[in-house]
Amino acid sequence: MVHFYHFNFHSSIGHNGPKRPPKQDPEKKPPKVTIPAIPETASEILGQQTTKSILRRIDLRLVPILSLLYLLCFICRQNIGNAKTYHMTYDLHLTTQEYQIALTAFFLSYSTFDIPCNIMLKKLRPSVWLPLVTLLSGIVTVCMGIVENADELIVVRMFLGMTECGLFPGVAYVITMWYCKKEAQFRQALFFCAASMAGAFAGLLAVGLSKMDGLGGQEGWRWILIVEGLLTAAVAICAFFVVLDTPDRVKFLTKDEKEFLLRRLEVDQFGEEEDELTEAEKALIHTELPKSQIFKSVFTDWHIYAHILVFYGITCPLYSISLCLPSIVYELGYTSTEANFLTVPIYITACMLSLLTAYLSDRTGKRAVFIAISYTIMFTGFLMAALRPGHLPGLAYAGLFIAACGIYPAFPGMITWCSNNLAPSGKRAIAMALHIGMGSFGGAMGANFYRPQDKPLYRLGNWLNLGFVCVGGVAIAVIYYSYHTENKRREGVCAGLVEELEKKIENAGRGTEEGEKLRRDFVVKKEESLALEGDTSVWFRYMM
């Protein structure tokens with residue numbers, strides 16, 4: 001797990017348990033205990049049960065609405081694949097190349113505007129920004145349902161990428177503002193499961209909405225896009241009143257609960273609380289860094305680029321399947337309705353596995369091993385689909401089914417692993433936008449893997465997915481080795497620093513004023529190192 005090397009020269013209630021209270025006179029009523037509003041004591045008084053209660057209330061208010069917004073946006077993103085099976089390309093007179101350009105245009109704009117969007121999220125409140133981008137996505141999807149030619153479709157898809165790009169990196173960052181590192185992946189999985197369920201709902205909705213063919217003189221595929229866009233816009237309007245802001249701004253938590261929540265997040269990011277420093281001193285040390293320094297730390301961190309390669313190993317297969325799966329299944333000999341129905345069990349199974357994997361990952365505090373297992377499942381599935389004989393179309397379906405069962409659990413694990421190893425929060429916001437934005441270029445590539453001229457075997461698309469899975473697998477191994485060796489090096493350096501401090505205190509005399517000054521100066525330097533250097537600090541530990 002990610003943690004910070006720390007040392008305590010004084011015992012604390014958090015580690016040694018509360019002191020035994022004095023015996024009470026049985027005839028006297030015990031005094032009424034109230035939770036004081038002092039930040040230093042809030043974390044000591046609120047116990048484990050209170051923590052679970054607070055997290056449960058946060059879960060109920062934060063995760064469902066964010067998951068619903070992402071589900072609807074993901075439907076808006078991939079419903080073009082469903083519309084295609086109901087003759088969209090024929091009605092718009094689209095060539096194969098024009099359709100592929102429309103798919104690619106989305107990801108070009110989606111990847112370009114991720115960093116500006118997360119900067120906007122920092123300037124605006126989440127309760128404003130996240131519903132706003134969802135509302136715009138719904139409006140643009142409605143526009144996609146009324147286009148008349150290829151040029152209009154391409155332009156609208158580009159605008160859809162611009163509107164949707166603010167949601168996923170924004171939500172991924174917001175989750176880190178509410179939950180500790182070992183709590184994050186399960187919530188990320190709950191949120192991302194909306195993507196897998198979007199695939200299931202998109203297939204079911206497409207079948208139902210296609211029955212509106214001819215209503216109002218509009219084709220069935222248009223009603224698929226229009227109705228799903230209107231639904232997204234309607235939910236987004238309601239979300240303006242539901243989405244939470246930062247922990248210090250919400251109303252359903254008391255003042256002491258807010259202090260407790262903020263304190264546990266601070267301890268989770270910067271290590272154990274130091275009694276030697278006051279809250280004012282900590283606030284002065286942890287002031288926000290200049291933007292130039294944050295951008296430099298992001299763009300010079302090679303680990304982020306390695307994580308982007310891991311992202312490519314997931315996004316290329318993810319979007320190649322989500323955008324093309326109905327067409328792939330259709331080419332196996334099924335009808336349009338059957339093809340859309342057959343996508344449903346794939347996404348539901350992937351959703352269940354995502355939650356199970358995230359739960360185990362959070363419980364064990366391990367990230368890389370579960371991502372590696374997911375990659376192995378992806379490799380197996382695509383290899384099966386690539387090598388299947390032409391007379392066994394069901395084997396291709398089975399291979400893609402297996403591959404999806406690796407793709408969807410790997411996605412939240414990969415996002416959480418990267419975010420767990422980024423500090424401070426300013427760097428995390430920009431780095432996650434870069435990570436997700438650059439990684440989303442994999443969607444632009446994946447959208448072109450399964451070409452119509454390769455049907456029905458689609459061997460090229462399966463081999464390309466296998467190639468990106470192999471690249472991502474190598475990147476996982478490199479990152480893991482780097483984190484492991486760096487953690488060992490830092491442990492040795494920190495042990496040496498503490499030993500050197502102990503010698504100085506011994507020479508100065510324990511309990512003397514000079515000894516206490518040495519101890520305090522050491523703590524201040526440690527805190528400054530964490531605040532200024534973040535994940536490059538010698539006190540920081542990478543999560544494995």
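The values are calculated or read from the model by the stated rules, or taken from the named source; none is laboratory data. Note that this is a predicted model, so its numbers are computed, not measured. Here the Cβ positions follow ideal geometry from the backbone for every residue, glycine too, while neighbour counts run over all protein chains shown. With ligands, DNA and RNA removed, areas are computed over all heavy atoms of the protein, side chains included. Shrake-Rupley method; radii C 1.70, N 1.55, O 1.52, S 1.80 Å.
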Inset, instruction - Working with all protein chains in place, sort 244, 68, 215, 342 by solvent-accessible area computed with a 1.4 Å probe, largest first. - result: 215, 68, 342, 244
Inset, instruction - Please work out the C-alpha center-to-center distance from the range 402-476 to the range 320-350 and express it in whole Å. - result: 20 Å
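For 148, 257, give the ranking by accessible area with the largest first, probe 1.4 Å.
On the way: 148 120, 257 30 Å².
Heavy-atom accessible area, descending, gives 148, 257.
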Legend entry - Mean Cα-pair separation over length for the range 353-502, i.e. relative contact order, pairs under 8 Å, 6 or more apart, %: 27 percent
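Over the chain, give the accessible area per residue in Å² for a 1.4 Å probe, as an integer.
43 Å²
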Inset, instruction - If a/c stays under 1.5 just call it rounded; otherwise compare a/b with b/c (prolate if a/b is bigger, oblate if not). Do that for the range 361-455, with a ≥ b ≥ c from the square roots of the Cα gyration tensor eigenvalues. - result: oblate
Inset, instruction - Could you tell me what percent of the accessible area of the chain is made up of carbon and sulfur, with a 1.4 Å probe and every protein chain present? - result: 64 percent
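What number comes out for the charge environment of residue 53, summing +1 per Lys or Arg and -1 per Asp or Glu over other residues with Cβ under 12 Å away?
Values: positive: 52, 56, 57; negative: 59, 257.
Value of the local net charge: +1.
Quick one: dipole size for the chain, taken about the Cα centre, charges +1 on Lys/Arg Cβ and -1 on Asp/Glu Cβ, in debye to the nearest 20.
Working: 51 positive and 50 negative charges, 164 e Å.
About 780 debye.
Set the bar at 18 Å for Cα to Cα. Now go through 211/455; 258/525; 488/517; 296/427 and name every pair that lies beyond it.
211/455; 258/525; 488/517
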Inset, instruction - Once you have a ≥ b ≥ c as the square roots of the Cα gyration tensor eigenvalues for the range 198-245, tell me rounded if a/c is under 1.5, and otherwise prolate or oblate according to whether a/b is larger than b/c. - result: oblate
Legend entry - Size of the range 60-266 as Cα extents on the principal axes (Å, biggest first): 61, 32, 26
Inset, instruction - Consider all pairwise Cα distances in the chain and report the whole-number % of them above 44 Å. - result: 23 percent
Inset, instruction - Note the angle between two axes, namely the Cα long axis of helix 167-176 and the longest principal axis of the Cα atoms of the chain, as a number of degrees from 0 to 90, rounded to the nearest 10. - result: 20 degrees
Inset, instruction - Please report, to two decimal places, log10 I(q)/I(0) for the range 59-181 at q = 0.11, 0.19, 0.22 Å⁻¹ as given by the Debye formula with identical point scatterers on the Cα atoms and no solvent. - result: -0.41, -0.98, -1.21
